[in-house]
1. Checking the conditions here, which among I99, I145 is in a helix (DSSP H, G or I), closer than 15 Å to H187 by Cα and at pLDDT 90 or above?
2. May I ask you to list the residues in region 3-52 that are in contact (Cβ under 8 Å) with a residue 24 or more places away in the chain, open to solvent by less than 60 Å² (accessible area, probe 1.4 Å), over 14 Å from T64 (Cα atoms) and of a type outside the set (A, V, I, L, M, F, W, C)?
3. Do we find that V58 is of a type in the set (V, I, T), in contact with a Leu (Cβ under 6 Å, 6 or more places away or on another chain) and at pLDDT 80 or above in this structure?
4. Among the residues of region 1-15, is any outside any helix (DSSP H, G or I), at pLDDT below 90 and over 30 Å from N151 (Cα atoms)?
5. Would it be correct to say that H119 is open to solvent by 30 Å² or more (accessible area, probe 1.4 Å), touching a residue at least 12 places away in the same chain (Cβ under 8 Å) and either in a helix (DSSP H, G or I) or more than 23 Å from R182 (Cα to Cα) (or both)?
Amino acid sequence: MSVTDDAIAKIKAMIISGDLEPGSRLPREADLAAELGVSRNSLREAVRALSLVRILDVRQGDGTYVASLEPKSLLDAMSFLLEFHQDDSVLDIFGVRRILEPAATALAAQLMSEERIAHLRTLVEPETTSVTELVALDLEFHAAIAAASGNKVLASLLDSLSLPTMRARIWRGITEERAFERTVAEHRGICDAIAARDPELAHARALAHVAGVMEWLRRAAG
């Protein structure tokens, strides 16, 4: 373990133990470096790394603070990192969605309010034929279901996984015949299952939906 990695681990340990709470200010650089037993340069590198993943918040002229540590904030950083690897790992990202999205959809079938279901139906019947606008509606449709799961961490995680797959969705809409007609029909089926309060059917239809996109990606990559 490098000295910087050691400093990162020690700062994380202070946060986990409660010595540093969300929103609290870190001690002065010299004092913290002495407490952790590292050089000030190593401490700066550790702070820089932890700020990139939204664990620390460096405020120019005001010091360094522990961030809110809200799931949305932390997972935004993961989405940012995934953007750099989307060409190589888009199938892996869809693989994670294949595990999580059906579970979120099953929860939504139990918890989504009638008002939210009515809004979901407006996203199922698009009036536009623009590929980019249809993909934006697709993202909104899945985000609405994830939000209705009642689990903020699950919703934030799925949100962070959606944007890195946007380019693949647009490409599918351009290159695959009747891709969006198929997507609309699958969305309608998912929405119907949620409205029917049938978690098992909602889970199955969401799984088939994501699996279908993965199958197309494998064919396109081959």
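The values are calculated or read from the model by the stated rules, or taken from the named source; none is laboratory data. What you see is a predicted model, and the numbers here were worked out from it, not measured in a lab. Because the Cβ atoms are built from the backbone with ideal geometry, glycine has one as well, and the counts that use them run over all protein chains shown. The accessibility values were calculated without ligands, DNA or RNA, using every heavy atom of the protein model including side chains. Shrake-Rupley method; radii C 1.70, N 1.55, O 1.52, S 1.80 Å.
1. Details: I99 fails: closer than 15 Å to H187 by Cα.
Sole residue among the options that is in a helix (DSSP H, G or I), closer than 15 Å to H187 by Cα and at pLDDT 90 or above: I145.
2. T4, D6, S39, S42
3. Values: of a type in the set (V, I, T): yes; in contact with a Leu (Cβ under 6 Å, 6 or more places away or on another chain): no; at pLDDT 80 or above: yes.
Against the criterion (of a type in the set (V, I, T), in contact with a Leu (Cβ under 6 Å, 6 or more places away or on another chain) and at pLDDT 80 or above), V58 does not qualify.
4. Yes, that holds for at least one residue.
5. In short, yes.
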